[in-house]
Amino acid sequence: MRFACFCFVALFLSVAALHADEPAGDVPGLVKEKPADGRYVETDKGYMVPYTFELPIHIGDDKGTVTMVPVPGGTFRFGSPESEPGREAVEGPAFEVKVEPFWIADKEVSWAEYQAYMAMSDLFVRFAVAEVRPLDDEHAADVVSAPSNLYDPSFTYGNGDEPTLPAVTMSQYAAKQYTKWLSLLTGQFYRLPSEAEWEYAARAGSAGPYFFGDDAAKLDEYAWYADNSDGTTHPVGEKKPNPWGLYDIYGNAAEWTLDAYTEEGYAKAKEQGDTAAAVIQWPTTRYPRTLRGGSYAMNANQLRSASRWASSDDDWREEDPNIPKSPWWFTQEDALGVGMRIIRPLNPPTDVEGKEQFWKADVEEIQEDVDYRIDAEGRGAYGWIDKNLPAAKIQVEKK
């Protein structure tokens, strides 16, 4: 049986495999006592506070440090009013949405973080050669695909590959697999934000075009965009954060969300319910999917809290010489502004199916491309992840 089948078997396995390494006691970012100072969010489970962790696996000297900040639950008006200058029809109809508390990374995923995941492709191959951590049914729920090595590093790293720069040019599928890899490696559930969650966090309680008000001239204080970026990305966290502590929520790299991009805007979402979970527009085609926040190459209007950017995967892979084209990487200029930011919900899914919904290839065509690239071409690789991966990495490197 080809290993590709394991990706679908995983959906029906027991929860135990996915939860084996989750902590039974202390939960990062959650404390029982009300903090004397600093940012916190009170919940029925305790007080959510900021927390910082280092990736258990890293490349070079940079350990990939991630800081997660708490976002309170609440209700906001999703989308933009018809009266907002620069508004596009796909930003509405605006309606009230309830959002549960979550933690969100204060910065976009950097190359220091993403390159550790990229390195899994070669590591998984070494595991196979050394007969370490073989792929089997027992660990099927914990399998991720690692992206193929870059076909043209000079493109992906066209704006640089310094550890503090935002990682870019990954597909939404690759971004979701990164969040699965990080989740299994750390024992905590991470994923991409939905559109509603992203906009709620970006607005930080505001209702205007920007979290700081109506005056786009103030963007220079908070964002790298067309007017000040010199046509390139910049190290994450150099500008001022929004009121909830989020850096580069506008500009620098546009950020993947879970949602499909629909030409009718939120008409269907509005009919689905009034919670962030209910209104997710789960994709049914390879693209378009939605990015938020705008990039370093976009103008002020495209950085508004409600502004949406549609992916165009075929166009963004036009110069990829492979057939099928890479399911992990883009090759065109627009993709140099495509990145990601992670969140961790206070109330994560408790079953395999619920978690996989946020991580898997949600369209069969994408999964087929991944399987072909790995099985037939040997580009990219599969491997299973748990907290013992760093020790296994050291083991195989000594052989």
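The values are calculated or read from the model by the stated rules, or taken from the named source; none is laboratory data. Quick caveat, the model's predicted, so the values are computed rather than measured. Please note: Cβ atoms are built from the backbone with ideal geometry, for glycine as well, and neighbour counts cover all protein chains shown. The protein model used for the area step is the full one, side chains on, heavy atoms only, and it has no ligands, DNA or RNA in it. Shrake-Rupley method; radii C 1.70, N 1.55, O 1.52, S 1.80 Å.
Report, ordered by the first and then the second residue, all pairs with beta carbons closer than 7 Å, sequence separation of six or more or different chains, a first member in segment 384-399 that is of a type in the set (A, V, I, L, M), and a second member that is open to solvent by 90 Å² or more (accessible area, probe 1.4 Å).
Hits for this filter: 396/126.
How about segment 81-137: which of its residues are polar (S, T, N, Q) and under 30 Å from residue 160 (Cα atoms)?
Those that are polar (S, T, N, Q) and under 30 Å from residue 160 (Cα atoms): 110, 115, 121.
Being open to solvent by less than 10 Å² (accessible area, probe 1.4 Å) and touching a strand residue (DSSP E or B) at 6+ places or on another chain (Cβ under 8 Å): is that true of residue 308 here?
no
Can you list the helices (runs of 4 or more DSSP H) lying wholly within segment 275-393 that have 3 or more residues being touching a His at 6+ places or on another chain (Cβ under 7 Å) and within 25 Å of residue 248 (Cβ to Cβ)?
By residue number, no helices (runs of 4 or more DSSP H) qualify.
Go through segment 356-374 and count every residue that is more than 15 Å from residue 328 (Cβ to Cβ) and open to solvent by 70 Å² or more (accessible area, probe 1.4 Å).
Result for segment 356-374: 2.
Restricting the search to segment 252-266, which residues are open to solvent by less than 40 Å² (accessible area, probe 1.4 Å) and either in contact with a His (Cβ under 9 Å, 6 or more places away or on another chain) or farther than 17 Å from residue 297 by Cβ (or both)?
252, 257, 258, 259, 260, 261, 262, 265, 266 - these are the residues of segment 252-266 that are open to solvent by less than 40 Å² (accessible area, probe 1.4 Å) and either in contact with a His (Cβ under 9 Å, 6 or more places away or on another chain) or farther than 17 Å from residue 297 by Cβ (or both).
Whether any residue in segment 330-345 is farther than 30 Å from residue 94 by Cβ, buried (at least 20 other Cβ atoms within 10 Å of the Cβ), in contact with a strand residue (DSSP E or B) (Cβ under 9 Å, 6 or more places away or on another chain) and among the charged types (D, E, K, R) is what I want to check.
no
Go through segment 40-49 residue by residue and tally those that are open to solvent by 60 Å² or more (accessible area, probe 1.4 Å), within 16 Å of residue 26 (Cα to Cα) and not basic (Lys, Arg).
Going through segment 40-49 one residue at a time, the tally reaches 1.
In this structure, is residue 142 of a type in the set (D, E, K, R) and either in contact with an Asp or Glu (Cβ under 7 Å, 6 or more places away or on another chain) or touching a residue at least 24 places away in the same chain (Cβ under 8 Å) (or both)? So that I can check it myself, show each step before the final result.
Numbers: of a type in the set (D, E, K, R): yes; either in contact with an Asp or Glu (Cβ under 7 Å, 6 or more places away or on another chain) or touching a residue at least 24 places away in the same chain (Cβ under 8 Å) (or both): yes.
In short, yes.
Looking at segment 74-99, which of the residues that are surrounded by fewer than 17 Cβ atoms within 10 Å (Cβ to Cβ), within 24 Å of the chain's Cα centre (by Cα) and in contact (Cβ under 8 Å) with a residue 60 or more places away in the chain is farthest from residue 277 (Cα to Cα)?
Step by step, filter segment 74-99, then rank; the result is 77.
Residues in segment 166-214 that are in a loop (DSSP other than H, G, I, E, B) and of a type in the set (Val, Ile, Thr): how many?
Of the residues in segment 166-214, the ones in a loop (DSSP other than H, G, I, E, B) are 167-169, 171, 187-190, 192-194, 204-209, 211-212, 214.
Imposing the further condition that a residue be of a type in the set (Val, Ile, Thr) reduces the set to 168-169.
Final tally of qualifying residues: 2.
Among the residues of segment 50-73, write down those that are outside any strand (DSSP E or B) and open to solvent by 20 Å² or more (accessible area, probe 1.4 Å).
50, 56, 58, 60, 61, 63, 72, 73
Please enumerate the residues belonging to segment 233-275 that are among the hydroxyl-bearing types (Ser, Thr, Tyr) and at pLDDT 95 or above.
233, 247, 250, 257, 261, 266, 275
Across segment 231-243, which residue is nearest to residue 299 (Cα to Cα) among those that are out of contact with any Asp or Glu (no Cβ under 9 Å at 6 or more places or on another chain) and surrounded by fewer than 21 Cβ atoms within 10 Å (Cβ to Cβ)?
Selected residue: 231.
Within segment 217-243, work out how many residues are in contact with a strand residue (DSSP E or B) (Cβ under 6 Å, 6 or more places away or on another chain) and either without any contact (Cβ under 8 Å) to a residue 40 or more places away in the chain or of a type in the set (A, V, I, L, M, F, W, C) (or both).
Residues in segment 217-243 being in contact with a strand residue (DSSP E or B) (Cβ under 6 Å, 6 or more places away or on another chain) and either without any contact (Cβ under 8 Å) to a residue 40 or more places away in the chain or of a type in the set (A, V, I, L, M, F, W, C) (or both): 3 in total.
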